[in-house]
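S.K.: I'd like to ask you about the structure that follows.
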Amino acid sequence: MSRLVVISNRVAVPSARGAAGAQGGLAGALDAALKKKGGLWFGWSGEESADPAAQPSTQVRDNVTFATIDLSPQDVEEYYYGYANETLWPLFHYRLDLARYELATGRGYERVNELFADAVAPLIEADDLVWVHDYHLIPLGENLRRRGVKNRMAFFLHIPWPPTRLLVSLPFHQRLVRTLLEYDVVGFQSGEWLESFFHYCQRELGAKVDAARGTVTLEGRTTVARAYPIGIDFDHLTSQAQTGEARQMAQRVFASTRHRTAMIGVDRLDYSKGLPERMDGVARFFDRYPDRVKDLVFIQIAPPSREAIGSYQQIRTLLEQKTGQINGALSQVDMVPIRYVNQGHSLAELTGVYFASKIGLVTPLRDGMNLVAKEYVAAQDPDDPGVLILSRFAGAAQQLTEALLVNPHSPDDIASAIRDALDMPRDERIARWKPMVECVRRQNIQQWTADILEDLGGRAGS
Ligand code: G6P
């Protein structure tokens, strides 16, 4: 039976400081996959050290070996903050205005990818299936090939793939994209990102694309490229929703919002999530329907993220200003329309908040998938489900088509959707929720893993 070797920037080992704070979909998603198959998870420990050891430190838990390395402050600065999060992240989220192109950070990115390859290559055994994750590690596959690794390798991109016309603004874009074709399988969150990838390969690399088969061929080498929409661990989430922690949280929300409908947003504090734009939408709702201010309380949970980066500091300031303005203008001595919470919460607590909130507001400007939308759906009361308001620019919108789909740039669109959600009769809420929960239940994280591993040739071992 083939082992699975997962390689990602973050590793969800409890002792790795960085992983505990990662609210993104990646960490939780992989945990379930690895436990089932057994194998190795390699990545950054989340720690900086002045003189990091080249050998990874390892620990074994539940059939899985966790191997991590520390990075030097310069590596963290150039690779993680610099190229990954100030160049690729904004560019891949269509934010050319925020993307910085610096040679030094590009070199840091390449250097850390070499470092990762040096550290992990000796740990890979002959039959292992290798699965690399996300934009931090695009060139890793090529680096491993240069070190003689012949194993089947997959790469999955958790974020959007940008349109060709934006991607060509990246210096050395061809060099970066060519490295992807060293993998056997390249996966995207949705058909839209896949289409942009095909377009780029054809137009910029002159590769032969067979969209129907899902393959890209360049210089005699063929890579499978497909959309594999990521899901949630549905059973785990529903079990978390039964815990005392979840019930207590639901009670806290119910008790403190009596006679008002709670509307919930949960996002890392990232400019891609459209948080200031969301506040504009909420403000527009209060403006247009002043007699309904008393009906709604908006709870926005937004744990800070990547705080060393200027654009993240700016988005936080802007969000705080907007929230403060709305609350200042509309609060009464006994009522505050927006609860803005920077603290992170456990999944169990979140399921409680989702359950008690009759509207889920998920309005990223651009998002690879967005698992909050799926978690919200999964945590609803089947007899009295809430309404999901979802950005049409999230990958999840291609699956959760019964949500109220909105343009997150339009405050009026968001305001109208909030009104429609507040007024939606129970029958319609149930009719919309049922197919969505079915989709979330079926296309879960286990299915996602199985689909990718099947294409990687790992069916026998799964
Ligand atoms: C997104 C990315 C993940 C990342 C997460 C949290 O979901 O796709 O790769 O781990 O954000 O961001 P951070 O920079 O804290 O790892």
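S.K.: For the pair residue 212 and residue 74, how long in nm is the line joining their label points, each one 7 Å along Cα→Cβ?
M.R.: Computed distance between label sites residue 212 and residue 74 equals 5.3 nm.
S.K.: In addition: Which value, in debye to the nearest 20, gives the size of the charge dipole of segment 380-461 about its Cα centre, when Lys and Arg are +1 and Asp and Glu are -1 at the Cβ?
M.R.: Computed about the Cα centre, the dipole is about 180 debye.
S.K.: Compute log10 of I(q)/I(0) for segment 207-341 with the Debye formula, placing one identical point scatterer on every Cα and leaving out solvent, at q = 0.12, 0.21 Å⁻¹, to two decimals.
M.R.: Reported log10 I(q)/I(0), two decimals: -0.70, -1.22.
S.K.: Give me the extension gain from residue 251 to residue 239: residue separation times 0.36 nm, minus the current Cα-Cα distance, reported in nm with one decimal.
M.R.: Gain in length upon complete extension: 2.6 nm.
S.K.: A further question on this structure: Placing unit charges on C-beta atoms (Lys and Arg positive, Asp and Glu negative, everything else neutral), compute the dipole magnitude of segment 299-378 about its Cα centre in debye, rounded to 20.
M.R.: Magnitude of the dipole: close to 180 debye.
S.K.: How many nm separate the modelled label positions at residue 172 and residue 423, each set 7 Å beyond the Cα in the direction of the Cβ?
M.R.: According to this spin-label approximation, the distance is 5.6 nm.
S.K.: Ignoring ligands, DNA and RNA, what accessible area per residue does the chain give at 1.4 Å, in Å²?
M.R.: Per-residue value: 40 Å².
S.K.: Something else: Mark the label point 7 Å from the Cα of residue 398 along Cα→Cβ and return the residues of segment 62-97 whose backbone N is within less than 17 Å of it.
M.R.: 92-94
S.K.: Could you name the lysines in cross-link range of residue 434, using Cα to Cα under 27 Å and dropping any fewer than eight places away on the same chain?
M.R.: Qualifying lysines at Cα under 27 Å: 273, 358, 374.
S.K.: Just to be sure I understand the model, the point goes 7 Å from the Cα along the line to the Cβ. What's the resulting residue 103 to residue 47 distance in nm?
M.R.: Placing both labels 7 Å beyond Cα along the Cβ direction yields 3.5 nm.
S.K.: Test of understanding: given the chain, find the longest segment containing no GluC sites (Glu not before Pro) that are in a DSSP loop and have at most 12 other Cβ atoms within 10 Å.
M.R.: Excluding the exposed sites themselves, the longest stretch runs over 308-462.
S.K.: Suppose every K and R has +1 on its Cβ and every D and E has -1 on its Cβ; what is the size of the dipole of the chain about the Cα centre, in Debye to the nearest 20?
M.R.: The dipole magnitude comes to about 480 debye.
S.K.: Calculate how many DSSP beta bridges within segment 301-439 are antiparallel, expressed in % of all such bridges and rounded to the nearest 5. Please report the intermediate quantities before stating the final value.
M.R.: Details: 1 of 10 bridges.
So the antiparallel bridges amount to about 10 percent of the total.
S.K.: Something else: For residue 35 and residue 329, what is the calculated FRET efficiency with R₀ set at 56 Å and r taken between the beta-carbons, to the nearest 0.05? Kindly include the intermediate steps, with their values, before the conclusion.
M.R.: Numbers: r = 49 Å, r/R0 = 0.88.
The computed FRET efficiency comes out at 0.70.
S.K.: Another question about this same structure. Calculate, for residue 226 and residue 111, the FRET efficiency according to 1/(1 + (r/R0)^6) with r their C-beta to C-beta distance and R0 45 Å; round to the nearest 0.05.
M.R.: 0.90
The values are calculated or read from the model by the stated rules, or taken from the named source; none is laboratory data. Please read all numbers here as calculations on a predicted model, not as lab measurements. All Cβ positions, even for glycine, are placed from backbone atoms using ideal geometry, and neighbour counts span all protein chains on display. Surface areas here come from the heavy atoms of the whole protein model, side chains and all, with no ligands, DNA or RNA. Shrake-Rupley method; radii C 1.70, N 1.55, O 1.52, S 1.80 Å.
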